[in-house]
Structure formats: structure tokens, C-alpha cells
Amino acid sequence: DSYSDAAAQHSYNASIERFRLADETGWDWVTVAEHHYSPFSLTPNPMLLASALSQVVRKAKIAVLGPTVPMLNPVRVAEEFAILDTMSGGRVVAGLMRGTPNEYVTYNINPQESRERFKEALELIRMVWTEPQPFGWQGRHYEFRSVSIWPRPVQKPHPPLFMSGSSPESGALAARSHVGIGFAVTTLPLATRAIAHYRKEAEAAGWTPTPDDVIYRCGLH
């Protein structure tokens, strides 16, 4: 299909108006997500759209689900979330995602490294938000000589964190990291089993998830 400038502009403008309406009618969250080379989701950088929404959506939380962190600079991701949290007055929800395999061609990242890169990035982003002093980072996939971000998040110790929890490995990582989980393309039986696994792993890690730590995405009209 051919690209249409007019259709893209209409899509953005119509979306912002729907977000505004959702806020006015009392929804708790509005969400944006990252997808690449895709006509069904024109948000290769959801931070830009979320920034615009921070000036339109005045009450609802603004959830960015994700960025796809294994393909990005995690310090930059942490900085952008901090800007959004400041602009919105502390209403940002940080969903850190791995993305889909086809999207890894975007920045020429090896998809086999996805899980390891995500795990390291999650640890680094949380430290960027919470460490009051400049620090260095030398990991397997990321290296930074000195990190000290400005601005810092309004929410303390940091914005709420979520990640996908569909696979046993992801559910265990979320539980051990004290991170909420979300489900998008799945079925109720599969999600039920995944949540039970997540809760079991969380109990082993010494904490109990609340209902707010588990989110679903479903279609309705």
C-alpha cells in the first residue's frame, strides 16, 4: 500500500481527540505503544505522542507500553520517561517491552539477545531513576562512564513499571524484579496460568502482587 501524508495527519489528529474524550469521560489510563514499519500503529517513538498527550489528557494516567528497550539506549529511555513524568505532574506509567521479532530489523539488533538486553536495561533504568549520585555502568550489553539525569521523575521512587508476562521466563523476571505484568495478545486460560506462575514467583521473592499489578488489554466497541 502507498503512504498518504493526509491519512497519517488525520490519524494523529483523530487519535488525540479520542484520547481527550477518554480523559473527559473518566478513563483511568490512556496508552501508547512502540511499533516500527507499521501502518496500523504510527508510533515508532511513543514518547513523542505521549508528550503531546501530556498537554491534552489532564486527569488520566499516560501509559507508554513500551518503548521496546532492547533496541534502544536505556539511559535515553529513562530520561524521556522522566521528562514525561515531569510534564504530566507524575501521571506516567512505564511499560518496558521487548518488541516482536520482526521489529528487530529496525535497528539491526540480534533478537537472540533480546531477553538478556531487556533484563540489563530494566536494572539500569531503575538505577538511573533512583540513584542520587552520578554513577558508571559496565554491563554485558551497555556501558556508560557517567550517568546522572535531569530532570528526575516526579513519582518516587519512580513511575510504576510493567512488562509483558506471557512467557514463564518473563513472568519470573517480573516477579523477581517487583514489576507489574501485562497481557495483550493471549487467551483467558493462558493468561490465568501465567498470572498464577507470576504470583508463585513473587511469593518466592518475598512480596504479594495486588490486582493493580496485573493488567489486560482487550478489544471492545
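The values are calculated or read from the model by the stated rules, or taken from the named source; none is laboratory data. Predicted model only: the values in this text are computed from it and were never measured. Don't worry about glycine lacking a Cβ; one is built from the backbone with ideal geometry, like all the others, and counts go over all protein chains shown. Surface areas here come from the heavy atoms of the whole protein model, side chains and all, with no ligands, DNA or RNA. Shrake-Rupley method; radii C 1.70, N 1.55, O 1.52, S 1.80 Å.
Quick notes
- Each Cα pair under 8 Å and six or more residues apart adds its separation to the average, and for the stretch 121-217 the resulting relative contact order is 21 percent.
- The value obtained for the stretch 1-126, namely the Cα convex hull volume divided by the number of residues, is 105 Å³ per residue.
- With viscosity 1.002 mPa s and temperature 20 °C, the Kirkwood radius over alpha carbon pairs of the chain converts through Stokes-Einstein to a diffusion coefficient of 117 µm²/s.
- Extension gain for VAL56-PHE144 works out to 28.2 nm (0.36 nm per residue, less the C-alpha to C-alpha distance).
- Probing with 1.4 Å while keeping every protein chain in the model, the per residue accessible area of the stretch 1-98 equals 51 Å².
- Local charge for TRP150 was computed over the other residues whose Cβ lies under 14 Å away, with Lys and Arg +1 and Asp and Glu -1, and equals -2.
- Residue-count net charge about PRO159 - beta-carbon cut-off 12 Å; Lys, Arg +1, Asp, Glu -1: +3
- Restricting the stretch 83-128 to chymotrypsin sites (Phe, Trp or Tyr not before Pro) in coil, as DSSP defines it, with at most 15 other Cβ within 10 Å: TYR107
- Whole-percent carbon and sulfur share, accessible surface of the chain, 1.4 Å: 55
- Think of it as helices only: each DSSP H run of n ≥ 4 in the chain is worth -39500 (n - 2.57), and spread over all residues that comes to -12500 deg cm²/dmol at 222 nm.
- Length-normalised contact order of the chain in % [C-alpha pairs under 8 Å, at least 6 apart]: 14
- Considering only the stretch 75-221, percent of DSSP beta bridges that pair antiparallel, nearest 5: 25
- Using the Cβ of ASP212 as centre and a radius below 14 Å, the other residues enclosed give a net charge of 0, where K and R count +1 and D and E count -1.
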